Structure formats: structure tokens, C-alpha cells
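For reference, the structure discussed in these notes is given below.
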Amino acid sequence: MYYIILKSLMFIKVFKLHYFSDKMECFIKKIWQGKGEEAHDCFVRFGRGQFKNRAVLVLQRTSKIKLKGNFEWANDFVQFVSELADTKFSGIILSKDKLDLENEKKKARIFQYDVSINSEKVQELKDKVYCMLLDAEAEGITLKMKKKLPGKGDKAKVDDRFCQLEIDLRFWPQVKEAFMLPECKKCKISHIYNIGEVIMPEGEKDFVKIRELARKKGKIIRKMEIDGQESEEEKDFEA
């Protein structure tokens with residue numbers, strides 16, 4: 001009887017791992033798959049123009065997987081870990097709307113919450129919040145993140161160590177699939193956003209809502225250095 005229960009629990013764990021890894025897609029992957037509407041929130045801050053060194057991602061795969069990125073990856077890193085493991089998260093959640101959470105502060109129209117939450121709560125909040133700056137620790141998984149977003153004056157400085165994920169090699173298929181990574185030992189990926197058009201929402205008068213709802217249209221250049229070899233791809237997008 002004990003053996004049957006143990007086997008059942010192992011099956012559930014493996015099923016959960018594969019189910020969630022198939023589900024998770026980073027925002028750049030959504031763009032490449034033509035699902036720009038699902039990545040809209042990641043482009044709200046941008047207007048017309050060219051924006052270099054965006055969504056920087058650095059991979060090193062040796063005895064462990066080390067994945068690092070700038071602040072744009074914060075929500076994707078947290079969501080990935082929450083779907084991969086049932087664990088505890090601690091840190092700061094930033095939201096444009098008031099949430100039913102404790103330890104609330106408000107600054108410049110942004111609500112800030114110091115939190116200690118589990119994976120289930122992350123899944124509940126992921127589509128409601130602006131940014132999740134959370135750390136986590138689980139078997140074979142360590143996530144660390146800085147707790148202050150870069151200011152407007154820091155645009156020229158790209159901190160590709162803002163988000164840091166260290167994870168066991170057994171999770172490589174999930175990491176590779178979720179973050180659209182090549183089969184390699186080392187790589188650095190960055191993006192150039194060329195936004196040529198801002199599509200305004202029809203009939204909206206509120207300037208805040210106009211900014212939040214306006215869609216961005218243009219091209220993304222994906223620059224890659226994979227095991228020492230450089231290449232790039234381009235993708236038209238609307239998000």
C-alpha cells in the first residue's frame with residue numbers, strides 16, 4: 001500500500017512538472033509566436049523610437065544552470081519558479097492597483113507590498129501586479145532578485161544580474177523551452193525594440209488609460225552570442 005501511494009505521489013510530481021513547463025512562455029517567446037497581446041504589459045513604458053539592450057538574458061550551463069537577466073525578466077522568472085515548484089517567495093510586489101495584502105506602502109501612485117507568499121498565491125497575483133521582485137528557494141532551485149527597479153536616469157546602464165536563477169541541470173528542458181534558449185553551454189541574448197507606431201485606443205479620454213491601453217507596433221531585433229558565435233533574428237510585432 002505504501003509503495004502504491006509513493007508511486008502515485010511521484011507521478012503527480014512529474015505530471016505537475018511537465019504540465020507547468022509546457023504552460024510557461026516568456027514574453028519574448030509570446031512575441032515570436034505572434035501572441036503580442038499577451039505581452040502588452042511589457043511594452044507599456046515605451047513610445048516611438050529605438051530602444052537598445054532590452055530584455056538581456058545571460059546563460060551559463062555547466063554543473064548547474066545559471067540564468068541571469070535585467071529587470072524586464074522579473075515577472076517571468078518568478079512565474080517560472082512558481083510553476084516549477086511549490087515553494088515560498090519573499091520580497092516586494094509592486095502594483096498599480098490596491099491589493100488585499102498586508103504591509104502596504106504607496107509612492108507615486110504605485111502600491112508596494114512586503115510579502116511572504118507561496119507558489120499558488122503567485123499564480124493568483126501574476127496578472128494583477130506590475131512587478132514581482134521576489135526571492136525563492138526550493139530543492140535544486142535558487143532565485144534571487146534586486147528589490148529596487150532602475151530609475152529613468154539609469155536607462156544607459158543594463159544590469160544583467162538584476163534577476164538570478166540557479167537551477168539543477170535536470171530542469172534544462174523546462175528552462176530552454178520557457179525562455180526560448182538555444183542548445184548551448186553559454187549564450188547572451190539582447191533585443192532592440194524599433195517601435196514605429198503607437199496605436200491609441202478608440203474613444204478613451206483618460207490619459208492614464210490611454211497610456212496603459214495603447215498598442216505598440218514595430219520590429220524586434222534579437223541579437224545572440226551562442227558559444228562564441230554571433231547571430232540575429234528579426235520579428236515584426238504588435239503588443
- Message: Given the options Lys219, Lys176, Lys185, Lys148, name the one that is within 27 Å of Asp114 (Cβ to Cβ) and charged (D, E, K, R).
- Response: Lys148
- Message: What's the total number of residues in the range 184-239 that are closer than 25 Å to Ile110 by Cβ, assigned to a loop (DSSP other than H, G, I, E, B) and of a type in the set (Asp, Glu)?
- Response: 2
- Please work out if Ile93 is under 22 Å from Phe43 (Cα atoms) and either β-branched (Val, Ile, Thr) or touching a residue at least 24 places away in the same chain (Cβ under 8 Å) (or both). yes
- Task: Could you give me the residue pairs with C-beta distances under 8 Å whose first residue belongs to the range 174-192 and is among the acidic types (Asp, Glu), whose second residue is assigned to a loop (DSSP other than H, G, I, E, B) wherever it lies, and which are 6+ apart or on separate chains?
- Result: Glu177/Met24
- So, in the range 28-77, of the ones that are in a helix (DSSP H, G or I) and among the small types (Gly, Ala, Ser), which residue ends up nearest to Pro173 (Cα to Cα)? Ala74
- Task: Go through the range 156-170 and give me each residue that's over 17 Å from the mean Cα position of the chain (by Cα) and either closer than 14 Å to Ser82 by Cβ or without any contact (Cβ under 8 Å) to a residue 24 or more places away in the chain (or both).
- Result: Ala156, Lys157
- Would you check if Asp135 is in contact (Cβ under 8 Å) with a residue 40 or more places away in the chain and over 23 Å from Arg45 (Cβ atoms)? yes
- So Gln164 clears everything in (1) touching a strand residue (DSSP E or B) at 6+ places or on another chain (Cβ under 8 Å); (2) not aromatic (Phe, Trp, Tyr); (3) not in a strand (DSSP E or B) except one condition, right? Which one? (3)
- Query: Is there a residue being part of a helix (DSSP H, G or I) and at pLDDT 95 or above anywhere in the range 8-15?
  - Reply: no
- Query: Among the residues of the range 163-203, how many are in contact with a helix residue (DSSP H, G or I) (Cβ under 8 Å, 6 or more places away or on another chain), charged (D, E, K, R) and loosely packed, with under 15 Cβ neighbours inside 10 Å?
  - Reply: 1
- Take the range 117-161 and flag every residue that is of a type in the set (D, E, K, R) and either touching a His at 6+ places or on another chain (Cβ under 7 Å) or assigned to a strand (DSSP E or B) (or both). Asp135, Glu137, Lys144
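Scan the range 109-129 for residues that are of a type in the set (Ser, Thr, Tyr) and exposed (fewer than 14 other Cβ atoms within 10 Å of the Cβ) and report the count.
The number of residues fulfilling the criteria is 1.
The values are calculated or read from the model by the stated rules, or taken from the named source; none is laboratory data. Here the structure is a predicted model, which means the values were calculated and not measured. Counting neighbours? That spans all protein chains shown, and the Cβs are built from the backbone with ideal geometry, glycine included.
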